[in-house]
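The values are calculated or read from the model by the stated rules, or taken from the named source; none is laboratory data. Here the structure is a predicted model, which means the values were calculated and not measured. Methodologically, a virtual Cβ is constructed for each residue, glycine included, from the backbone with ideal geometry; neighbour enumeration extends over all protein chains shown.
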Amino acid sequence: MPNMVRVLVDGVDDLLNVAMYDAGAVVQVQSCATETGVFVDLATAALVSGTNAYSIYDVNGASSTWYRTRYENAGGTVTSAWSDPFQVGGEQAGYLCSLYDVKQRLGIADSVVTHDEELGSLIRAVSAEIERQTGCDFTGDRGDRTYTFDVEEASQTLWVSRGIQSITTLGIATESQPDTGGSFTTATATTYGLRPLESERDHLGEPARRVVFLDTGTYFYAGYSTVQITGRLGWAEVPPEVERIAAGAVVSQWMTKGSEGPRALVGPDGRTVVLRDISPADWSTLMSFKTPLVG
């Protein structure tokens with residue numbers, strides 16, 4: 001699946017200053033199959049005065065591909081630090097809606113990049129706010145990562161608030177250990193399962209919330225970093241209704257140009273919430289995704 005990497009550049013004219021990276025400066029993009037592997041050069045885009053958004057195409061990309069960027073002068077002898085690795089995850093580019101979808105709704109041709117930086121900032125802000133309000137990681141892992149977990153008391157159930165798409169390897173400590181390190185025993189895949197079962201979840205594509213040992217003799221032991229999971233957390237993809245609501249909120253913010261007036265006032269569960277960019281009906285839809293606080 002080819003990937004399009006959108007790079008939004010703040011202060012491009014400052015970067016082109018002779019005291020920075022000078023004329024001929026570029027943004028370098030590297031790719032890697034894993035977050036911590038060896039990154040290789042993918043492509044560069046020449047920085048242009050007044051242009052804040054650049055597109056890099058990876059014809060060999062996958063949903064699990066990782067990228068990083070930095071600025072360089074024309075000779076590659078003066079460079080910035082690398083950005084944190086990131087994934088683009090399809091046309092949404094790691095957010096709840098795509099720049100293409102928002103521009104289409106606004107009647108802006110995809111080839112017109114004048115507003116990409118501002119629209120990209122709105123997409124990032126809306127994505128972060130919706131995920132904060134719902135407690136859902138809709139833009140979950142697109143490739144395996146390794147996580148460790150603390151356990152307060154020994155139990156056969158591990159609650160994972162971000163949700164779990166899949167587990168490749170589950171490691172458990174044989175006894176309590178400090179977070180400075182320790183050994184893990186790999187649990188046999190047939191001894192544990194994810195709950196609730198897919199058939200019991202409220203939404204299509206919703207992740208599980210718990211890892212449960214199915215036999216009576218195996219436990220998650222209490223202590224710091226006593227569980228290690230290699231797998232994928234969060235949602236596997238952004239639900240269509242969430243993508244629609246996020247795109248609509250971005251369009252609304254763009255059209256109102258920062259107006260602070262509320263759009264609607266609703267009171268779900270006896271609480272009053274001011275919704276500037278999301279209708280009461282859409283707010284109710286988002287709240288149906290809200291992550292429970294307990295397992």
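Across region 101-134, what is the number of residues that are assigned to a loop (DSSP other than H, G, I, E, B), under 14 Å from V250 (Cα atoms) and either charged (D, E, K, R) or in the same structural domain as V12 (by TED's automatic domain parsing) (or both)? Residues that pass the stated criteria total 0.
Checked against (1) in contact (Cβ under 8 Å) with a residue 12 or more places away in the chain; (2) more than 25 Å from P85 (Cα to Cα); (3) out of contact with any Gly (no Cβ under 6 Å at 6 or more places or on another chain), A173 passes all but a single condition, namely (3).
Run down T157, T168 and say which single residue is more than 23 Å from T285 (Cβ to Cβ), surrounded by fewer than 21 Cβ atoms within 10 Å (Cβ to Cβ) and out of contact with any Ser or Thr (no Cβ under 8 Å at 6 or more places or on another chain).
Working: T168 fails: out of contact with any Ser or Thr (no Cβ under 8 Å at 6 or more places or on another chain).
None of the other options fit; the residue is T157.
Taken over region 25-58, the criterion of being at pLDDT below 85 and of a type in the set (A, V, I, L, M, F, W, C) is satisfied by A53 alone. Checking the stated criteria, G24 turns out not to satisfy the condition of being in contact (Cβ under 8 Å) with a residue 24 or more places away in the chain, in contact with a Ser or Thr (Cβ under 6 Å, 6 or more places away or on another chain), on the phi > 0 side of the Ramachandran plot and not β-branched (V, I, T). Does region 183-199 contain at least one residue that is out of contact with any Gly (no Cβ under 9 Å at 6 or more places or on another chain), touching a residue at least 40 places away in the same chain (Cβ under 8 Å) and either surrounded by 14 or more Cβ atoms within 10 Å (Cβ to Cβ) or part of a loop (DSSP other than H, G, I, E, B) (or both)? There is no residue in region 183-199 that is out of contact with any Gly (no Cβ under 9 Å at 6 or more places or on another chain), touching a residue at least 40 places away in the same chain (Cβ under 8 Å) and either surrounded by 14 or more Cβ atoms within 10 Å (Cβ to Cβ) or part of a loop (DSSP other than H, G, I, E, B) (or both). Scanning region 43-70 for residues that are aromatic (F, W, Y) and more than 28 Å from G231 (Cβ to Cβ), which turns out surrounded by the most Cβ atoms within 10 Å (Cβ to Cβ)? Looking at the filtered set, the residue picked out is Y54. Looking at this structure, is E72 acidic (D, E), within 28 Å of W254 (Cα to Cα) and not assigned by TED's automatic domain parsing to the domain that holds G163? For E72, the condition - acidic (D, E), within 28 Å of W254 (Cα to Cα) and not assigned by TED's automatic domain parsing to the domain that holds G163 - is not met.
Among the residues making up region 60-114, those that are among the β-branched types (V, I, T) and either at pLDDT 85 or above or closer than 20 Å to T36 by Cβ (or both) are T65, T69, T77, V78, T79, V88, V102, I108. For region 1-19, the tally of residues that are closer than 28 Å to T65 by Cα and free of Cβ contacts under 8 Å to residues at least 60 places away in the same chain stands at 4. Scanning region 122-154 for residues being loosely packed, with under 15 Cβ neighbours inside 10 Å and over 27 Å from Y219 (Cα atoms) gives a total of 4.
Residues of region 130-145 that are farther than 14 Å from G163 by Cα and among the hydroxyl-bearing types (S, T, Y): none at all. Taking strands (runs of 3 or more DSSP E) as the structural unit, those lying wholly within region 207-292 and holding at least 1 residues that are modelled with pLDDT of 90 or more and surrounded by 15 or more Cβ atoms within 10 Å (Cβ to Cβ) correspond to 208-213, 223-233.
Among the residues of region 39-79, those identified as part of a loop (DSSP other than H, G, I, E, B) and under 26 Å from the mean Cα position of the chain (by Cα) are F39, T51, N52, V59, N60, G61, A62, S63, S64, T65.
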